[in-house]
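Some notes on the structure that comes next.
What follows is calculated from the coordinates using simple rules that are stated; it is not laboratory data. It should be emphasised that the depicted structure is a prediction, and the values quoted were computed from it without experimental measurement. Because the Cβ atoms are built from the backbone with ideal geometry, glycine has one as well, and the counts that use them run over all protein chains shown.
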Amino acid sequence: MAPEVFTDGWARAWGERMSGSPEYRRAAAAWEGAVVLVMEPDPAVGVAAERAVFADLWHGECRSSGEAAPEQRAQVPLVIVAGARMWRDVLADRTDPVFGLLSGALRLERGSIAALVPFATAAREMVAAARRVEASFPSGWR
C-alpha cells in the first residue's frame, strides 16, 4: 500500500523523486539548505495531528528526507506551513506553490520570500516530484 502523504515513507519517496529528476537537479543546482513542510491538522479530512516532513537539499540532490523531528524543524532555514486541504490542492496541481506563498495560503514560519525568489523553478520542481510519489490520502479526503 502506498504511504499516506506527509508521513516518513512518503517523504523518503519524495526525496528519491527529487534526486532522480533531471528537471529538479537543474533548477536546484544552486540551492543549499533543508526545508520542512508542515501540514496542519484537519480532523474533517482524517488528519488528526500535525504532520511535518523534511528534505535536506544540496545542489540539485536530496541528501535525506523523512518525517521531521522537532529539532529539525527548529534548525532548518525554511519552514512552510499550510492546512491539509491547501497541501492537497498543491499536490493535485490546483495551486501553484509559489503563488500559494505569495498569496499567504502557504505560510513561511521561517525563511523569506526574497530568499526563495531565485529558486521559484526549483520549488515548482520540488512539488512536481511530490506529485509523482504514489501516495494515499487520509480516509476523509475524497
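The sole residue among Arg63, Arg88, Arg124 that is in a strand (DSSP E or B) and within 26 Å of Ser21 (Cα to Cα) is Arg63.
Residues that are among the charged types (D, E, K, R) and under 19 Å from Ala115 (Cα atoms) were ranked within region 1-59; the one that is surrounded by the fewest Cβ atoms within 10 Å (Cβ to Cβ) is Glu32.
The requirement of being over 14 Å from Ala11 (Cβ atoms), aliphatic (A, V, I, L, M), surrounded by fewer than 20 Cβ atoms within 10 Å (Cβ to Cβ) and touching a Gly at 6+ places or on another chain (Cβ under 8 Å) is fulfilled nowhere in region 122-141; no residue meets it.
From the residues in region 60-77 that are of a type in the set (Gly, Ala, Ser) and surrounded by 18 or more Cβ atoms within 10 Å (Cβ to Cβ), which one is farthest from Ala115 (Cα to Cα)?
Here the residue is Gly66.
The residue that is farthest from Phe54 (Cα to Cα), among those in region 100-116 that are hydrophobic (A, V, I, L, M, F, W, C) and surrounded by 12 or more Cβ atoms within 10 Å (Cβ to Cβ), is Leu102. Scanning region 1-34 for residues that are outside any loop (DSSP other than H, G, I, E, B), touching a residue at least 60 places away in the same chain (Cβ under 8 Å) and in contact with a strand residue (DSSP E or B) (Cβ under 9 Å, 6 or more places away or on another chain) yields Glu4, Trp10, Ala13, Trp14, Arg17, Met18, Tyr24.
Taking every residue in region 85-103 that is more than 14 Å from Val133 (Cβ to Cβ) and pairing it with any residue that is of a type in the set (Val, Ile, Thr), at least 6 positions away or on another chain, the pairs with Cβ-Cβ distances below 6 Å are Asp89/Thr95; Pro97/Val90; Pro97/Val127.
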